[in-house]
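**Student:** I have a structure here, written as structure tokens, and I will follow up with some questions on it.
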Amino acid sequence: MADSERGYDPSAIETRWQRAWEDEDVFRTPDDAEDVSYVLGMFPYTSGSLHMGHVRNYTITDAFARYKRMQGEDVLHPMGWDSFGLPAENAAEERDTNPREWTLSCIETMREQMDAMGFGYDWDREVVTCDPEYYRWNQWLFKQFHEEGLVERKASEVNWCPSCETVLADEQVEGDEELCWRCDTPVTQRNLDQWFFTITDYADELVDALDDLEGWPDSVRAMQRDWIGRQHGAVVPFEVEGYGEVEIFTTRLDTIHGATFFALAPDSDIARDIAEEDEAVAHFIDEEADPDGDEPNGVATGLTATNPATGEEIPVFVADFVLSDVGTGALMAVPAHDERDHAFATKKDVPIEPVVKPEDGEVPDVQEEAYTEDGVLINSGEYDGLDSAEARSRLEEDLPGARHDTQYQLRDWGVSRQRYWGTPIPVIHCEECGPVLVPDEDLPVELPEFVQTTGNPLEEVEEFVEAECPDCGRPARRETDTMDTFVDSSWYFLRYISPDFEDAPFDTERANDWMPVDQYVGGIEHAVMHLLYSRFVTKAVADMDLLDHREPFERLVTQGMVLLEGEKMSKSKGNVVSPQNIVEEYGADTARLFIMQAARPEREFNWTDEGVKSSHQFLDHLYDAVETFVADPPTGDGGAVTEYVDREVDYLAAVAEQSYEEMTFTAALREAQEILSLLDRYGRYTDPDPGTVRRALETVVKVLAPVAPHVTEELWRELGHDDFVVEAEWPAFEGDLETLERERTLIEETREDVRQIVEVADIGDPAEVVIAVAPEWKHEAHELAREFDGDNLVGEIMGREQFREYDGAPDYAKDLQAERQSLKEQLPPEQEADVLSRARWLIAEEFDADVTVLRGEEANGELTGKAEPGRPAIRIEE
RNA sequence: GCGAGGGUGGCUGAGCUAGGCCAAAGGCGGCGGGCUUAAGACCCGCUCCCGUAGGGGUUCCUGGGUUCGAAUCCCAGCCCUCGCACCA
């Protein structure tokens, strides 16, 4: 690359502009701003340094935020730190420091990296979740949720490492052996009392409201729908011998007459009870049951249950495919109409009886394979002949004890974590009073100093644990669990709105004005957890009258993965591109430009060396173009070419606006490049008009400013402005995108035609190209044909005085008749001639020939005979 | 298995939600030319087949269909990616 006279030196200008923006508070959003555009990237976990995924994420939001700012909107574009979590504890141990210091140093580093990338954030609104001033509001919300009945304490199974004496997250349990990730000790299950947020109270709204989230990708909505997993069905009691009524849940009540056995979960109370008496059942439960296996296994209990629809006694099994936390933990099995039941029945030799047949078909052979579709009932007594849906509702009414029921896959949100580096749960356990909430005036409950220990560090700190019951004053023990870090991130977007607010997590009035987030951008990996929790908290907070909005994020973009030369980047493979290196080598602008132009945000993005270089070259090129213009401006007027260039600049602005607006970006950047090369040709062809070149350059600079902010700032100054381009107005343009596109198409097609003719006719050296626009009457006939909806178009045209005088009229009418269905709107003849006149130079330049554009009435009959609207006649003289 | 999204010219990748401006953008690669002592960089053009005046033929996974007309809509199938998964 070398530091030739070409191009610019990013390291010399980038930090300078970063400082200038900061000095002028360019990105500050005043608290009294109204109706802000809220643009947000998912805040990063404080892992130590930014990776390319972050850089891509924040380049997208930064570009969009800067674009909105140029559109004259007040923009809120904040940043913060998801800074609680287990990795900090591990890092602290490895480095012999403590999580707080480690985390704060990570923040330092990452903030510097963000600054180096030129991201424009309102740092006055920075939010740090591990700061007591932040997490006190987690505690406050916990209490409010408690008051609203959204908090429960219940026993729950957790992964426990007996050696580390700690609870493990699912992802810390490794392999089929289920070993602790740190010490390889087999993990056991432990039943602990845990705190839950009852997100299931909002299950219906969370799933129903997805339909209206039109600014979200379908994939994310589908994932949330699946995750919530709402199922409508019925609960029906079955009489089980010796145990009374046992309820089952089914979505296929219409098949109940075909229920030929009954099955219980191995860990259900009844199964355990039966196991006390029955050796075989006990053996199955303890040794054989394998809920994760592919095969359905089970054991007969010897008991029977009564099918309430038929009165028949059916065998009761304990089976491992029955899960105690799904439905009621017991089910009626209909092997004829359920694949899993079918497999089990075949294995255990239980009868398979069809009770549903296709609406217009034979009774299916269910011995071989289950028929799982809805249909019409058979073998179902008085319900025969009903369709499945009808049968379900009738049976629901008729069967004793049956009732409609809705089941969800969504579970309540367990927020207890037996770890140090999180928000202390604001509870004190009193022997007399039970768990008591810490009074507001004692918030925040702050984390004590970190101590190295195998178990939960909080339990080791006497001063922390020892407390006084807020209710009765007796000695009590403080809760040592901390909150899931997803709690922190489920409302941080609200804290940005009023980061220093003292009375509540956020200022309701301002939040009502500023929320929801207009554009949220982040990784697909948060499709369910983070985005679902945030929606839940928003709704809960709305129901507490703290907010008028029920959805946090209006539009969501999930960005695609970053690849390196086609491969997933990973530290273990060693194929990682580090943001620092890129900034050092090419500058932030180049990296940003490359990221934005190489792929649309939601697609995978492939980092290639060639791509970066080509982006870098382009910026150099632009820099040189501006330098040259300023140092030695042209003095001509450029004639018709100037009008052509002007029009292309209009097109650039129009297309860029659309491209930014729909967040694709690529079209904007491509057009900017094309204008630049157009300017080169303009200069080579003629002595350009300085005003036109200036406008073109300024438009390119503005269009690129959101993506490559530093160099455009530099060039803006170079072009004689003393304000910031970041605060400049989006370029104005004349006309509308559709017309501009039509004009370009006309030019492009005409040029293409000339090329073809030259080639096909083997014209070595064209001397003159004559282009003749179709005469007025053809345009009129064309327009008439487009609007005419009768049968006889030819008759219609020839019947009119205005056309009859022209010799070519009958033929042209026939042509129109032939293609009347595909006739498109055309530019009026005058405009067509103007457009082509402006483009004359392109052809002249390309073929080194004289080019004439004739209006219809100027051309002779021979030539105009061939011309059509949108398709001028062309004659080439050698 | 279920759900979502895809399969486009040598590669990559737009367009396909509003069917005709689509033989199908851009980039890369390749070819030819310009510039240059030369190379690189840069610039111009070409890059499915045929054609001595803008034409014709065959293409957008495969096979059907709707339509005057389909890469674009519908149906079936094959393949790929990603989620969920013995969920009653």
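The values are calculated or read from the model by the stated rules, or taken from the named source; none is laboratory data. As the structure is a computational prediction, the values presented were derived from the model and not from experiment. Cβ: placed from backbone, ideal geometry, glycine included. Neighbour counts: every protein chain shown.
**Student:** If I filter region A:260-267 for residues that are among the hydroxyl-bearing types (Ser, Thr, Tyr), surrounded by fewer than 20 Cβ atoms within 10 Å (Cβ to Cβ) and either farther than 21 Å from A:GLY233 by Cβ or touching an Asp or Glu at 6+ places or on another chain (Cβ under 7 Å) (or both), do I get at least one hit?
**Tutor:** So far as region A:260-267 goes, no, none of its residues is among the hydroxyl-bearing types (Ser, Thr, Tyr), surrounded by fewer than 20 Cβ atoms within 10 Å (Cβ to Cβ) and either farther than 21 Å from A:GLY233 by Cβ or touching an Asp or Glu at 6+ places or on another chain (Cβ under 7 Å) (or both).
**Student:** Turning to a different aspect of this structure: Can you name every one of the helices (runs of 4 or more DSSP H) wholly within region A:1-113 that holds 1 or more residues which are under 23 Å from the mean Cα position of the chain (by Cα)?
**Tutor:** Where helices (runs of 4 or more DSSP H) fall fully within region A:1-113 and carry at least 1 residues being under 23 Å from the mean Cα position of the chain (by Cα), they are A:52-70.
**Student:** Determine the pairs where a residue that is free of Cβ contacts under 8 Å to residues at least 60 places away in the same chain and part of a helix (DSSP H, G or I), located within region A:771-797, has a partner that is of a type in the set (S, T, N, Q) and surrounded by 17 or more Cβ atoms within 10 Å (Cβ to Cβ) with Cβ atoms under 6 Å apart, the partner being 6 or more residues away or on another chain.
**Tutor:** Qualifying pairs under 6 Å: A:LEU793/A:GLN817; A:VAL794/A:GLN817.
**Student:** From the list A:VAL645, A:VAL649, A:VAL641, A:VAL626, which one is in the same structural domain as A:VAL707 (by TED's automatic domain parsing), within 33 Å of the chain's Cα centre (by Cα), part of a helix (DSSP H, G or I) and surrounded by 20 or more Cβ atoms within 10 Å (Cβ to Cβ)?
**Tutor:** That would be A:VAL649, the only listed residue that is in the same structural domain as A:VAL707 (by TED's automatic domain parsing), within 33 Å of the chain's Cα centre (by Cα), part of a helix (DSSP H, G or I) and surrounded by 20 or more Cβ atoms within 10 Å (Cβ to Cβ).
**Student:** Could I ask something else about it? Which of the residues belonging to region A:501-535 are of a type outside the set (A, V, I, L, M, F, W, C), in contact (Cβ under 8 Å) with a residue 12 or more places away in the chain and not in a helix (DSSP H, G or I)?
**Tutor:** A:PRO505, A:PRO516, A:ASP518, A:GLN519, A:TYR520, A:GLY522, A:GLY523
**Student:** Let me ask another. Given the criteria of a type in the set (Val, Ile, Thr), within 11 Å of RNA strand B (Cβ to nearest atom) and within 26 Å of A:TYR243 (Cα to Cα), does A:VAL326 qualify?
**Tutor:** Judged against the criteria, A:VAL326 is a match.
**Student:** Checking the structure you have, find out if any residue of region A:759-769 is in contact with a Phe, Trp or Tyr (Cβ under 7 Å, 6 or more places away or on another chain) and assigned to a loop (DSSP other than H, G, I, E, B).
**Tutor:** yes
**Student:** Continuing with the same structure: Quick one: in region A:644-672, of everything that is within 12 Å of RNA strand B (Cβ to nearest atom) and of a type in the set (Ser, Thr, Tyr), which residue is nearest to A:GLU214 (Cα to Cα)?
**Tutor:** A:THR664
**Student:** Assuming A:GLU801 fulfils every condition listed in (1) surrounded by fewer than 12 Cβ atoms within 10 Å (Cβ to Cβ); (2) modelled with pLDDT of 80 or more; (3) within 45 Å of the chain's Cα centre (by Cα); (4) farther than 30 Å from A:MET117 by Cα apart from one, which condition is it?
**Tutor:** With (1) surrounded by fewer than 12 Cβ atoms within 10 Å (Cβ to Cβ); (2) modelled with pLDDT of 80 or more; (3) within 45 Å of the chain's Cα centre (by Cα); (4) farther than 30 Å from A:MET117 by Cα applied to A:GLU801, the lone miss is (3).
**Student:** What residue, of A:GLU738, A:GLU748, A:GLU759, is within 34 Å of the chain's Cα centre (by Cα), over 21 Å from A:ARG592 (Cα atoms) and without any contact (Cβ under 8 Å) to a residue 12 or more places away in the chain?
**Tutor:** A:GLU738
**Student:** Taking A:GLN559, is it under 29 Å from A:LEU410 (Cα atoms), within 16 Å of RNA strand B (Cβ to nearest atom) and polar (S, T, N, Q)?
**Tutor:** yes
**Student:** I've got another one for you. Scan region A:214-251 for residues that are within 11 Å of RNA strand B (Cβ to nearest atom), assigned to a strand (DSSP E or B) and under 36 Å from the mean Cα position of the chain (by Cα) and report the count.
**Tutor:** Total satisfying the criteria: 6.
**Student:** Follow-up. For region A:597-611, enumerate the residues that are out of contact with any Leu (no Cβ under 9 Å at 6 or more places or on another chain) and either within 9 Å of RNA strand B (Cβ to nearest atom) or among the aliphatic types (A, V, I, L, M) (or both).
**Tutor:** Across region A:597-611, the qualifying residues are A:ALA598, A:ALA599, A:ARG600, A:GLU602, A:ARG603, A:GLU610, A:GLY611.
**Student:** Step by step: first the residues of region A:290-308, then only those that are of a type in the set (A, V, I, L, M) and buried (at least 23 other Cβ atoms within 10 Å of the Cβ), then the one that is nearest to A:VAL334 (Cα to Cα). Which residue is that?
**Tutor:** The selected residue is A:ALA305.
**Student:** Moving on. Any residue in region A:852-863 that is modelled with pLDDT under 75, near RNA strand B (Cβ under 10 Å from one of its atoms) and over 46 Å from the mean Cα position of the chain (by Cα)?
**Tutor:** Within region A:852-863, one or more residues are modelled with pLDDT under 75, near RNA strand B (Cβ under 10 Å from one of its atoms) and over 46 Å from the mean Cα position of the chain (by Cα).
**Student:** Moving to a separate point now. Does region A:146-160 contain any residue that is on the phi > 0 side of the Ramachandran plot, modelled with pLDDT of 95 or more and not in a helix (DSSP H, G or I)?
**Tutor:** Within region A:146-160, one or more residues are on the phi > 0 side of the Ramachandran plot, modelled with pLDDT of 95 or more and not in a helix (DSSP H, G or I).
**Student:** Can you tell me which of A:LEU836, A:LEU827, A:LEU816, A:LEU842 is outside any helix (DSSP H, G or I), within 16 Å of RNA strand B (Cβ to nearest atom) and not charged (D, E, K, R)?
**Tutor:** A:LEU827
**Student:** Which one of these does A:ARG340 not meet: (1) assigned to a helix (DSSP H, G or I); (2) more than 14 Å from RNA strand B (Cβ to nearest atom)?
**Tutor:** (2)
**Student:** Same structure again: Which of the numbered conditions does A:GLU662 fail, given that it passes all the others? Conditions: (1) touching a residue at least 24 places away in the same chain (Cβ under 8 Å); (2) under 21 Å from A:LYS702 (Cβ atoms).
**Tutor:** (1)
**Student:** Now for a different question. Return yes when A:PRO44 is under 29 Å from A:THR508 (Cβ atoms) and out of contact with any strand residue (DSSP E or B) (no Cβ under 9 Å at 6 or more places or on another chain) and no when it is not.
**Tutor:** So A:PRO44 fails the test.
**Student:** Within region A:673-683, which residues are within 11 Å of RNA strand B (Cβ to nearest atom) and without any contact (Cβ under 8 Å) to a residue 40 or more places away in the chain?
**Tutor:** Result: A:GLU674, A:SER677, A:LEU678.
**Student:** Just checking, how many residues over region A:374-420 are away from RNA strand B (no atom under 15 Å from the Cβ), assigned to a loop (DSSP other than H, G, I, E, B) and not acidic (Asp, Glu)?
**Tutor:** Number satisfying all stated conditions: 12.
**Student:** Oh, and also: Go through (1) part of a loop (DSSP other than H, G, I, E, B); (2) within 22 Å of A:TYR121 (Cα to Cα) and name the single condition A:THR712 misses.
**Tutor:** (1)
**Student:** Among the residues of region A:49-56, is any surrounded by fewer than 16 Cβ atoms within 10 Å (Cβ to Cβ), in contact with a helix residue (DSSP H, G or I) (Cβ under 9 Å, 6 or more places away or on another chain) and either in the same structural domain as A:LEU715 (by TED's automatic domain parsing) or not acidic (Asp, Glu) (or both)?
**Tutor:** Within region A:49-56, one or more residues are surrounded by fewer than 16 Cβ atoms within 10 Å (Cβ to Cβ), in contact with a helix residue (DSSP H, G or I) (Cβ under 9 Å, 6 or more places away or on another chain) and either in the same structural domain as A:LEU715 (by TED's automatic domain parsing) or not acidic (Asp, Glu) (or both).
**Student:** If you don't mind, there's one more thing I want to ask. Would you be able to tell me the number of residues in region A:604-622 that are part of a helix (DSSP H, G or I) and surrounded by 20 or more Cβ atoms within 10 Å (Cβ to Cβ)?
**Tutor:** 6
**Student:** Take the residues in region A:465-495 that are of a type in the set (Ser, Thr, Tyr) and in contact with an Asp or Glu (Cβ under 8 Å, 6 or more places away or on another chain), then tell me which one is farthest from A:GLN194 (Cα to Cα).
**Tutor:** A:TYR492
**Student:** Identify, please: which residue in region A:271-309 is within 13 Å of RNA strand B (Cβ to nearest atom) and assigned to a helix (DSSP H, G or I) and is, among those, nearest to the chain's Cα centre (by Cα)?
**Tutor:** The extreme case among them is A:GLU288.
**Student:** Still on this model: Could we say that A:GLU776 is exposed (fewer than 12 other Cβ atoms within 10 Å of the Cβ) and out of contact with any strand residue (DSSP E or B) (no Cβ under 9 Å at 6 or more places or on another chain) here?
**Tutor:** The answer is no for A:GLU776.
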